[in-house]
Amino acid sequence: MKHRDAMLAAVVMGLAATCAHAQDADQARLQLEVAAGVQAQATLQDGGGIAVVLAPSGKRQVLPGVADADGNVRLSAEDVDFDGHPELVARASVGMVNEAVAVYRFDPARQQLVALEPISTEGAQCGGLMGLTVDATTRTLSSSCRGGPMWYVDQYRYDGARLYLYRAERLLMLDDVLEPYVFIKQTADSGPLAVWSTFDPDGNVLETAIGDGLETPRAGSPLRRISGHVMVARLPLYSQPGDATTQRYLVRDDRVELLDERDGWMQVRYDNPTRGAVLGWVNTQP
């Protein structure tokens, strides 16, 4: 399922949950075991804040939480860090389609709930845990949001206790510019091209691939690269973006995979029958 369809389904479910919240006052209070022998009772306050009482310590906190324009909040207990104990999760609708999410987990050293926040990393599109979904199988968190006509998905994973950006996309606006050089077959359901990147915990890029911006790659699997065919008789293949000369060329009908983009330069891979994989950059704005 393309993630635009999944997001629309999530919106419908979220609206249904909001209606249920309005009908059931018990949803204003939630009790959960946040660690072995530690109970937390969370109670919603006006404006979206959450009052928390921990037992057996009796320690009290007031967490900022989230709220929609009418102050509605949905509380849930979800194992977001995969340690066998649930975290306190607050959700609220933002605008027509987005969902703000706040996650609080128990910190044994401080003996209190603290906000779960990803490491600040360039490349994330949603700016936090929006529309959060949890995949225990791949131990991946997905944050989804809509900006203009486009749905975005950021994927996060843990490095110890740190939550880092594992995979994200960068939308491209090069379809028309690229077409005279490399033809990519698309259908009515195809989305705009995007560069998908996989990161390590320190923010280093491990791999990139250009693909459908609306088709979220499967977490834990290598990125899939979209392919196309060269449209011109000879297409210069440069070693680096910005190079002025090259002795390498692709020719008409060569099949290439698209890997990355920088300032109008497209990185491609060509499988040469005799030399194997050949990497290079194509200038789409000569």
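The values are calculated or read from the model by the stated rules, or taken from the named source; none is laboratory data. What you see is a predicted model; the values in this text were computed from it and never measured. Glycine also receives a Cβ, built like all others from the backbone with ideal geometry; neighbour counts cover every protein chain displayed.
General remarks:
- Checking residue 66 against (1) closer than 30 Å to residue 198 by Cβ; (2) hydrophobic (A, V, I, L, M, F, W, C); (3) in a strand (DSSP E or B), the condition it does not meet: (3)
- Taking (1) part of a loop (DSSP other than H, G, I, E, B); (2) surrounded by fewer than 22 Cβ atoms within 10 Å (Cβ to Cβ) in turn, residue 105 satisfies each apart from (1).
- Only one of the listed residues (176, 202) is modelled with pLDDT under 95, out of contact with any Cys (no Cβ under 9 Å at 6 or more places or on another chain), not basic (Lys, Arg) and not in a loop (DSSP other than H, G, I, E, B). That residue is 176.
- Residue within the stretch 27-50 that is out of contact with any Phe, Trp or Tyr (no Cβ under 7 Å at 6 or more places or on another chain), assigned to a helix (DSSP H, G or I), modelled with pLDDT under 90 and within 21 Å of residue 128 (Cβ to Cβ) present: yes
- Within the stretch 251-274, one or more residues are part of a loop (DSSP other than H, G, I, E, B) and over 22 Å from residue 193 (Cβ atoms).
- Selection status of residue 279, in a strand (DSSP E or B) and surrounded by 16 or more Cβ atoms within 10 Å (Cβ to Cβ): no
- So residue 243, is it surrounded by fewer than 15 Cβ atoms within 10 Å (Cβ to Cβ) and part of a loop (DSSP other than H, G, I, E, B): yes
- Hits in the stretch 101-160 (condition: of a type in the set (Asp, Glu) and under 10 Å from the mean Cα position of the chain (by Cα)): 154
- Filtering the stretch 223-270 to residues that are in contact (Cβ under 8 Å) with a residue 60 or more places away in the chain and over 26 Å from the mean Cα position of the chain (by Cα) leaves only 256.
- Single residue of 122, 87, 117, 99 found to be buried (at least 21 other Cβ atoms within 10 Å of the Cβ), closer than 30 Å to residue 194 by Cβ and of a type in the set (Asp, Glu): 99
- Meets criteria (out of contact with any Cys (no Cβ under 8 Å at 6 or more places or on another chain), surrounded by 19 or more Cβ atoms within 10 Å (Cβ to Cβ), assigned to a loop (DSSP other than H, G, I, E, B) and in contact (Cβ under 8 Å) with a residue 12 or more places away in the chain) for residue 214: yes
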